[in-house]
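Report on the following structure.
The values are calculated or read from the model by the stated rules, or taken from the named source; none is laboratory data. Small disclaimer: the values here were computed from a predicted structure and weren't measured. Surface accessibility is based on the protein's heavy atoms, side chains included, excluding ligands, DNA and RNA. Shrake-Rupley method; radii C 1.70, N 1.55, O 1.52, S 1.80 Å.
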Amino acid sequence: LPKLEYRSLRFFEEYHEPDASDKSPHPGFYQPCLQLNYPGPEVDFTRIVEYKHKPNQPAEAKQSKGTVIFKEYSCDVGEPYYPVPNPANRELYERYQALAKDEPGVCFVGRLASYKYFNMDQAFLNALECWDEVKAGGKVAARTELGEPDGPK
């Protein structure tokens, strides 16, 4: 079968320092928050992320006069991030799904297996629900007891 179509992302890093005319209420930052999305056609990138806003950054990063941002650009090559929903891909996915049902002892879960975009909490829930179904159906082998750990005491 041919590959399912996905969108991917390219990431470009930029370093910025404020100039003397910068009167920002947040000096040393490029933008007012960690992540800004750009869903419209006005720019060619989809998101800017500035990790300096994360609370776990070292104090010297927060106090630095410069900052690093990452711009994300959508593309059609690279790691599969987002499915491309269209009738041809839907039909191809259903063919893959039929093949997957015949694989004994294998559960396909998550974004790639479902050919749907999931937030990460939904992806985890999908995996946990699959596990519940497998366990309830008695398809889980007995767990091997490992005994006492033999590491440092």
* To do: Report in % the part of the accessible area of the chain that belongs to carbon and sulfur, leaving out ligands and nucleic acids; probe 1.4 Å.
  => 56 percent
* Asked: Relative to the longest principal axis of the chain, what angle (0 to 90°, nearest 10) does the C-alpha long axis of helix 87-101 take?
  -> 50 degrees
* To do: Write down the accessible area per residue of the chain in Å², having rolled a 1.4 Å probe over the full set of protein chains.
  => 77 Å²
* Asked: Considering the values (1) 47; (2) 71; (3) 61, which represents percent of Cα pairs over 19 Å apart as calculated for the structure under consideration?
  -> (2)
* Structure fact -> Summing -39500 (n - 2.57) over every DSSP H run of at least 4 in the chain, dividing by its residue total and rounding to the nearest 500, the 222 nm mean residue ellipticity is -8000 deg cm²/dmol
* Structure fact -> In degrees rounded to 10, the 0-90 angle between helix 120-136 Cα long axis and the longest Cα principal axis of the chain is 10 degrees
